[in-house]
Amino acid sequence: MPSKPRHLISMLELSNDELHSLVSRTLHFKAQFKSGKPAPESVSKALAGQTVSLVFNKRSTRTRISSEGAAVYFGGHPMFLGRDDIQLGVNESMYDTARVISSMTSCIFARVGPHSDIQELCQHSSVPIINSLCDTYHPLQAITDIASIKEAFGKTQGLKVAWIGDANNVINDLAIAGLRSGIDVAVCTPKGIKLDAHIVSGAAEVSKQTGAVLTLHHDPLEAVKNADILVTDTWVSMGQEEEAKQKLKQFSGFQISQKMATDGGANPGWKFMHCLPRHQEEVHDNVFYDESRSIVFAEAENRLYAAMAAIEGFVVNKGDLLK
Ligand code: CP
Ligand code: NVA
């Protein structure tokens, strides 16, 4: 019986050193790719003759492009399987789908709705599942975001991230990844929206190891005090479209702006991040398009290199992330 593969599920399953290694490899792949030199054959032929499948039942720009690009970089053939392309959910169960796709491909990048779908895929797949967004986690984004912070500040230790937004997939993984990297994380949500208890308790465990702390707020001005990085995400996540009207009302006063940063006392060199796609209500144009503040486009590009680090760690090196 072959051993079970290791999957990329969330930041909770990684050690601090493993996250650190994925972040370093992300920046390594960026330098290698940007050098214009061909990748060494140990990379460019690592997945030659193999297929990398992308089972996506939600739309995507960055995750799709970065996973396909990373697959090609390793010599693999990316195969995009959207919700209208395969039998899953209409004629076929998750169990049957996991067994069949994993029997023919080297790994599965999976973008799904509920986290239970990721768990089911992981249980039955014979190849690594790379969680490419579910309602609870977005690990590829978190790896990217820590790499982007390191790139912008030259360090992570001792910084502070202020999250002004919703409490689901992106911040769940960013909070844990930030704490693992020595970054204090202030999470500000509207009243009535709370960070999940399992993230708060996971954060407490990581804090004991790194000394970085998570704080919870409902007042954005309080959260941005002494922050180095202001971050947000959409207020209406995919699948929540029916709640849009109510959520936009709930988030009134949460738009990130120069004024919010100044009034709240963010550190003078603060930067802005957003996983994208972005809507204007979440962040004022005077921040989003201010190249001296906003690192959103470098952050988006870094998704490619994080996908490379994930393929190397979970597929080529079979989950030995410290190799
Ligand atoms: N940030 C992110 O995951 O973007 P996509 O939804 O476009 O993949
Ligand atoms: N929270 C967002 C992230 C998109 C990348 C969503 O789930 O739609």
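Read-outs: derived from the displayed coordinates by stated rules, not from any lab. Remember, it's a predicted structure, so these values are computed and weren't measured experimentally. Glycine also receives a Cβ, built like all others from the backbone with ideal geometry; neighbour counts cover every protein chain displayed.
I need the peptides 29-35, 168-174 ranked by packing, meaning the mean over residues of other C-beta atoms within 10 angstrom, with the highest value on top. Can you show the working numbers first?
Values: 29-35: 15.3, 168-174: 25.3.
The densest-packed peptide leads the list: 168-174, 29-35.
Enumerate by residue number the GluC sites (Glu not before Pro) in the range 210-307 meeting two conditions: DSSP loop (anything except H, G, I, E, B), and at most 12 other Cβ atoms within 10 Å of the site's Cβ.
Numbers: sites: GLU222, GLU241, GLU242, GLU243, GLU281, GLU282, GLU291, GLU299, GLU301; in loops: GLU291.
The qualifying sites are GLU291.
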Worksheet item: In whole Å, what is the distance between the alpha-carbon centres of the range 242-279 and the range 1-80?
Response: 31
Worksheet item: For the chain, rounded, prolate or oblate, judged on the Cα gyration tensor with a ≥ b ≥ c (square roots of eigenvalues), a/c < 1.5 rounded, else prolate if a/b > b/c?
Response: prolate
Worksheet item: Using the C-alpha atoms of the range 50-141, what convex hull volume per residue, in cubic angstrom, is computed?
Response: 84
Worksheet item: Which of rounded, prolate, oblate describes the range 154-224, given a ≥ b ≥ c as roots of the alpha-carbon gyration tensor eigenvalues and a/c under 1.5 marking rounded, otherwise prolate only if a/b is larger than b/c?
Response: oblate
Worksheet item: Among ILE146, ILE193, ILE295, whose mean-square fluctuation peaks in a Gaussian network model of the chain (Cα, cutoff 10 Å)?
Response: ILE193
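Scan the range 151-252 for chymotrypsin sites (Phe, Trp or Tyr not before Pro) in coil per DSSP, keeping those whose Cβ has at most 10 other Cβ atoms within 10 Å, and list them by number.
Details: sites: PHE153, TRP163, TRP235, PHE251; in loops: TRP235, PHE251.
In loop regions of the range 151-252 (DSSP not H, G, I, E or B), there are no sparsely surrounded chymotrypsin sites (Phe, Trp or Tyr not before Pro).
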Worksheet entry | Theoretical gain in end-to-end length, SER116 to ALA197 [0.36 nm per residue, Cα-Cα removed] | 27.4 nm
